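Engineer: Would you mind keeping the following structure in view while I ask a few things?
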Amino acid sequence: MGESLGLYLHIPFCAGKCLYCDFLSFPAPEETRSLYVRRLSEEIRACGARGGMRERIVDTVFIGGGTPSLLLQEETEALLEAVRASFQVAADAEITMEANPGSLGRAAAGRLREAGVTRLSLGLQSACDRELARLGRIHTCRAFLESFDGAREAGFDNLNVDLMSGLPGQTAESFQKTLALAARLGPEHISAYSLIIEEGTPFYETYGAMKADLERYGEWEDIPLRRRAAYQGTLPLPGETADREMYHMTREFLMGQGYSRYEISNYAKNGRECRHNIRYWTGGDYLGLGLGAASLVDGTRFTVTRSLEEYLGQTREDFLLGRQYRGTHTLSAREKMEEFMFLGLRLTRGVEAVCFSRRFGKPLASVYKDACARLMGEGLLAAAGEGDGRRYYLTERGLDVSNCALAEFLLDEWNTGLQGKRESL
Ligand code: SF4
C-alpha cells in the first residue's frame, strides 16, 4: 500500500474578476466550461491509470479555483465520478469545494452533498457591503448569509469561512463586526488573511505605490504630504499599526469563541482542521489536476500548463504521457529538509524532531543547529519534550514575524506550490 494521496482539482472560472485577485481564474462561456470539465475528467482518468496511483488511498480531495460552485450539477458529479472510478477514495475522505456566495443556493448545496462533497469553503471576506464592493466581489453580506444558511439546511456540518483584513477603508471596528458575524454563525473553520497587493492586479495599479509607502513610513499620517497628494481620491489602506491590531484581534477574538489556531492564518473547532491543507504543511503527497495545478508526488514537483488553449487541446494520450506538465523539479535532500521546516513551522504544533530524523536520517538539532539557536535566543522558536517526543514550534512572537523566522530555514526560496487559494495560503 503506497502513501496516502490528496487530489486538488482546479476550476479556473469566475463570474467576474475581483480587483485584488491574482489566482488563475477568469470568466468563460458555458461551452468553454463544459469542454474544460470533459478535459479535466480525462486528465483525472489518465492520471489514475499511471503506475502506482491505484495503490494509494485518496483521503482528501479539494476542488478549488476560481469558483467551482459555478459548475453545473452534472459537471461536478462527472468530476467526482471520474475521481472515484480512477482512484481508491477512502470512505471517510474529506471532499472540500470552494463556493462563492452568489453562486450557491440551498438547492445547489443539497445537490453538492448528494454528489459526495463533505465540506464547503465559503468566501465572505467582509461583512461590510462597501468593503466587498471595493474589492470587486460580486456578492453582498446578505447573499453570503443565504448561502451559509442554505449549506447548513442542506446538511453540511463542516464549513469554512474566509475572511480578509487590511482592506481599503477598513477600520478595526468594521473588521470586528466581520469577526463577530463569522463567530456568531459558528462555522467549523475560519481562514483569516491580510490583503496582499499582488503585481498585475488592478489593485496593484491603485495601491502598489501606497503599500510601498506604508511599508516605508508605517502610518498614513507619516507619509510626506507631497507623496500623499498623489493618492488623492483613493481610500487609504490600513497602516502597520491598524494592520497588526486586526491581526491580534483575529487571534484573541476567535480563540475566545472556541476556535483553536492551528496554523498562522487558520482557526478550527476541535478536530475540524482542514485535512487537505495539513497535507501541504506536513509534506504529504498531492496530485494537482486541471489548469495550472501543482503536484508533489514522491519528492517531485510538477505543474500543469497555465494556458487554457493548450490544456483544452490535450488528448487522452497526452495526459497519459504527462504532456500537460510545464516544469518538473525533483527536490534535493536539502530542499526537502527546508520545506519540512518552512511549511511545518506554519502549524502552531510545529514539527517533531523524530519525524525529521526518520525522514532524512539526520537529527534536526544538528542540521538546523545555528538557525534553532538563533531563533530560540530571540524568543521566536521554542522546544518542548525530550528525545523522540521533542517538538519545535514558533512562539507567539515567532508567528507574528513568521516570514522572517521561517526564512532562517531556507537556502533558496521557491514556489511551494500551495494551492486552494485563501484557505490554503
Ligand atoms: S478572488 Fe476568488 S472569486 Fe474573486 S476572481 Fe479571484 S478566484 Fe474568483
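Engineer: F148: in a loop (DSSP other than H, G, I, E, B) and touching a residue at least 12 places away in the same chain (Cβ under 8 Å), yes or no?
Structural biologist: So F148 does not fit the description; no.
Engineer: I'd like the residue in region 164-205 that is within 16 Å of the chain's Cα centre (by Cα) and surrounded by 21 or more Cβ atoms within 10 Å (Cβ to Cβ) and, out of all such residues, is farthest from A133 (Cα to Cα).
Structural biologist: Here the answer is H189.
Engineer: Going residue by residue through region 17-26, is there one that turns out to be part of a helix (DSSP H, G or I) and either more than 16 Å from the ligand (Cβ to nearest atom) or out of contact with any Asp or Glu (no Cβ under 7 Å at 6 or more places or on another chain) (or both)?
Structural biologist: No: region 17-26 contains no residue that is part of a helix (DSSP H, G or I) and either more than 16 Å from the ligand (Cβ to nearest atom) or out of contact with any Asp or Glu (no Cβ under 7 Å at 6 or more places or on another chain) (or both).
Engineer: Can you name the residue in region 72-92 that is touching a helix residue (DSSP H, G or I) at 6+ places or on another chain (Cβ under 9 Å), modelled with pLDDT of 95 or more and among the hydrophobic types (A, V, I, L, M, F, W, C) and is also farthest from V161 (Cα to Cα) among such residues?
Structural biologist: Applying the filter and picking the extreme gives A85.
Engineer: Among the residues of region 260-286 satisfying the criterion of being of a type in the set (S, T, N, Q) and under 22 Å from L185 (Cβ atoms), which is surrounded by the fewest Cβ atoms within 10 Å (Cβ to Cβ)?
Structural biologist: Across region 260-286, the extreme among qualifying residues is N270.
Engineer: So, one more: Of everything in region 348-400 that's β-branched (V, I, T) and in a helix (DSSP H, G or I), which residue is surrounded by the fewest Cβ atoms within 10 Å (Cβ to Cβ)?
Structural biologist: Taking the candidates together, the pick is V354.
Engineer: With the structure loaded, tell me whether Y8 is within 16 Å of the ligand (Cβ to nearest atom), more than 19 Å from L79 (Cβ to Cβ), crowded, with 20+ Cβ neighbours inside 10 Å and not acidic (D, E) or whether it fails that test.
Structural biologist: So Y8 does not fit the description; no.
Engineer: Would you confirm whether or not region 181-198 contains a residue that is in contact with a helix residue (DSSP H, G or I) (Cβ under 7 Å, 6 or more places away or on another chain), modelled with pLDDT under 95 and among the acidic types (D, E)?
Structural biologist: Scanning region 181-198, I find at least one residue that is in contact with a helix residue (DSSP H, G or I) (Cβ under 7 Å, 6 or more places away or on another chain), modelled with pLDDT under 95 and among the acidic types (D, E), so the answer is yes.
Engineer: Could you figure out which of (1) surrounded by 17 or more Cβ atoms within 10 Å (Cβ to Cβ); (2) touching a Phe, Trp or Tyr at 6+ places or on another chain (Cβ under 7 Å); (3) not charged (D, E, K, R) isn't true of T328?
Structural biologist: Here T328 clears every test but (1).
Engineer: On to the next question. Given (1) surrounded by fewer than 18 Cβ atoms within 10 Å (Cβ to Cβ); (2) under 14 Å from A154 (Cα atoms); (3) within 16 Å of the ligand (Cβ to nearest atom), identify the lone condition not met by L120.
Structural biologist: (1)
Engineer: Of the conditions (1) more than 16 Å from the ligand (Cβ to nearest atom); (2) modelled with pLDDT under 95, R45 satisfies every one except a single condition; which number is it?
Structural biologist: (2)
Engineer: If only one of R301, R279, R306 is part of a helix (DSSP H, G or I) and within 20 Å of the chain's Cα centre (by Cα), which one is it?
Structural biologist: R279
Engineer: Against the condition within 30 Å of T206 (Cα to Cα) and assigned to a loop (DSSP other than H, G, I, E, B), how does A127 come out, does it pass?
Structural biologist: For A127, the condition - within 30 Å of T206 (Cα to Cα) and assigned to a loop (DSSP other than H, G, I, E, B) - is met.
Engineer: So which pairs qualify, if the first residue must be in region 214-227 and under 14 Å from R244 (Cβ atoms), the second must be part of a helix (DSSP H, G or I), the Cβ gap must be under 8 Å, and the two must be at least 6 apart or on different chains?
Structural biologist: L214/W220; L214/E240; E215/E240; G218/E240; G218/T241; E219/E240; E219/T241
Engineer: Can you confirm whether T96 is in contact with a Phe, Trp or Tyr (Cβ under 6 Å, 6 or more places away or on another chain), assigned by TED's automatic domain parsing to the domain that holds H248 and in contact (Cβ under 8 Å) with a residue 40 or more places away in the chain?
Structural biologist: yes
Engineer: With respect to F62, is the statement that it is aromatic (F, W, Y), at negative phi and away from the ligand (no atom under 16 Å from the Cβ) true?
Structural biologist: So F62 fails the test.
Engineer: Among the residues of region 125-137, how many are within 16 Å of the ligand (Cβ to nearest atom) and surrounded by 17 or more Cβ atoms within 10 Å (Cβ to Cβ)?
Structural biologist: Counting residues in region 125-137 that are within 16 Å of the ligand (Cβ to nearest atom) and surrounded by 17 or more Cβ atoms within 10 Å (Cβ to Cβ) gives 7.
Engineer: Select from region 72-117 the residues that are hydrophobic (A, V, I, L, M, F, W, C), within 16 Å of the ligand (Cβ to nearest atom) and assigned to a strand (DSSP E or B) and list them in ascending order.
Structural biologist: Within region 72-117, M97, A99 meet the criteria.
Engineer: Looking at this structure, is A115 surrounded by fewer than 22 Cβ atoms within 10 Å (Cβ to Cβ) and under 20 Å from G155 (Cβ atoms)?
Structural biologist: Here the answer is yes, as A115 does meet what is asked.
Engineer: With the structure loaded, tell me whether A229 is more than 16 Å from the ligand (Cβ to nearest atom), over 23 Å from F23 (Cβ atoms) and surrounded by fewer than 18 Cβ atoms within 10 Å (Cβ to Cβ) or whether it fails that test.
Structural biologist: It is true that A229 is more than 16 Å from the ligand (Cβ to nearest atom), over 23 Å from F23 (Cβ atoms) and surrounded by fewer than 18 Cβ atoms within 10 Å (Cβ to Cβ).
Engineer: Any residue in region 324-346 that is in a loop (DSSP other than H, G, I, E, B) and more than 25 Å from D59 (Cα to Cα)?
Structural biologist: yes
Engineer: Among the listed residues E55, E3, E31, identify the single one that is under 24 Å from G105 (Cβ atoms), surrounded by fewer than 20 Cβ atoms within 10 Å (Cβ to Cβ) and either more than 18 Å from the chain's Cα centre (by Cα) or more than 16 Å from the ligand (Cβ to nearest atom) (or both).
Structural biologist: Selected residue: E31, the only one of E55, E3, E31 that is under 24 Å from G105 (Cβ atoms), surrounded by fewer than 20 Cβ atoms within 10 Å (Cβ to Cβ) and either more than 18 Å from the chain's Cα centre (by Cα) or more than 16 Å from the ligand (Cβ to nearest atom) (or both).
Engineer: Would you confirm, using the coordinates I've provided, whether D92 is of a type outside the set (K, R), surrounded by fewer than 18 Cβ atoms within 10 Å (Cβ to Cβ) and closer than 22 Å to N266 by Cβ?
Structural biologist: yes
The values are calculated or read from the model by the stated rules, or taken from the named source; none is laboratory data. Just so we're clear, the structure is a prediction, and the values are computed from it rather than from any experiment. No Cβ is skipped: glycine too gets one built from the backbone with ideal geometry, and neighbour counts run over all protein chains shown.
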